[in-house]
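Following: one structure in structure tokens, then a few remarks.
The values are calculated or read from the model by the stated rules, or taken from the named source; none is laboratory data. Note that the coordinates shown come from a computational prediction; the quantities given were computed from them, not determined experimentally. Cβ placement follows ideal geometry from the backbone for every residue including glycine, while neighbour counts extend to all protein chains displayed. Heads up: the accessible areas ignore ligands, DNA and RNA and are worked out on the full protein's heavy atoms, side chains in. Shrake-Rupley method; radii C 1.70, N 1.55, O 1.52, S 1.80 Å.
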Amino acid sequence: MADPSDLAKSPTLQNPVQYLTWNEAALFANTLSGQGGLTPCYYKDSGYSEPFGKFGSLWYLSNTGDVYWKPSTNGYRLPTEAEWECAARGGSSTFIYSGSDNSNDVAWYDTNSGYRTKTTKS
């Protein structure tokens with residue numbers, strides 16, 4: 001897969017990627033888990049016998065079928081909705097966003113970024 005961080009003015013490994021599907025992110029997590037000797041979290045079947053994206057010794061995206069999450073594994077995974085919300089709020093229940101109630105203070109998005117990805121908001 002080509003690096004999907006094509007909106008970056010000067011792409012680096014620090015820029016976020018765009019145009020990534022959930023299945024592609026799950027495949028990346030499983031591939032990274034496999035490379036690190038960890039047990040993958042995502043499976044093609046509800047019995048957790050076939051890791052999602054693994055075909056023999058290769059990892060690649062199959063665009064068909066359901067994906068099942070096995071929470072008891074030690075592999076890399078995507079955050080749950082609740083975990084994502086907690087992270088986006090910086091663990092705070094005081095602010096709407098991580099560290100502020102004003103999104104311009106803490107985030108890059110289409111209207112304040114010049115339609116380019118950024119490494120940090122400073």
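Sequentially through the stretch 110-118, phi angles give Karplus couplings (6.51, -1.76, 1.60; θ = phi - 60°) of 3, 7, 10, 10, x, 6, 10, 6, 10 Hz, Gly and Pro residues having no value and appearing as x.
For the chain, a crude dipole built from +1 on the beta carbon of Lys and Arg and -1 on the beta carbon of Asp and Glu, taken about the Cα centre, is about 280 debye to the nearest 20.
Once all protein chains are placed together, LYS44 keeps about 60 Å² accessible to a 1.4 angstrom probe. In this structure SER93 has an accessible area near 110 Å², from a 1.4 Å probe over the protein heavy atoms.
The apolar share of the surface of the chain, taken as the fraction of accessible area on carbon and sulfur atoms (1.4 Å probe, ligands and nucleic acids excluded), comes to 54 percent. Entry comment: accessible area of the chain is 69 Å² per residue, from protein heavy atoms only and a probe of 1.4 Å. For the stretch 32-89, what log10 I(q)/I(0) values come out of the Debye formula at q = 0.30 1/Å, with one point per alpha carbon and no solvent? Scattering profile of the stretch 32-89, log10 relative to I(0): -1.27. Residues whose amide H lies under 5 Å from that of PHE52, counting only those 5 or more places away or on a different chain, are TYR42, TYR43, LYS44; hydrogens are built 1.01 Å from N in the peptide plane. Helix 22-35 and the long axis of the chain differ in direction by around 60°, with both axes built from C-alpha atoms. Would you kindly find the accessible area of VAL106, with a 1.4 Å probe and non-protein molecules such as ligands, DNA and RNA excluded, rounding to the nearest 10 Å²? Using a 1.4 Å probe on the heavy atoms, I get roughly 50 Å².
Semi-axes of the equivalent ellipsoid of the stretch 21-122 are 33, 16, 12 Å, computed as sqrt(5λ) over the eigenvalues of the C-alpha gyration tensor in descending order. With runs of 4+ DSSP H residues as the only contributors, calculate the mean residue ellipticity of the chain at 222 nm using -39,500 (n - 2.57) per run, divided by the residue total and rounded to the nearest 500. Only helices count here, giving -6500 deg cm²/dmol. Rounded to whole Hz and in sequence order, give me ³J(HN,Hα) for the stretch 70-85 from the Karplus expression 6.51 cos²θ - 1.76 cosθ + 1.60, θ = phi - 60°, writing x for Gly and Pro. Karplus-based 3J(HN,Hα) across the stretch 70-85 equals 10, x, 7, 7, 9, x, 5, 8, 7, x, 6, 4, 5, 5, 5, 5 Hz.
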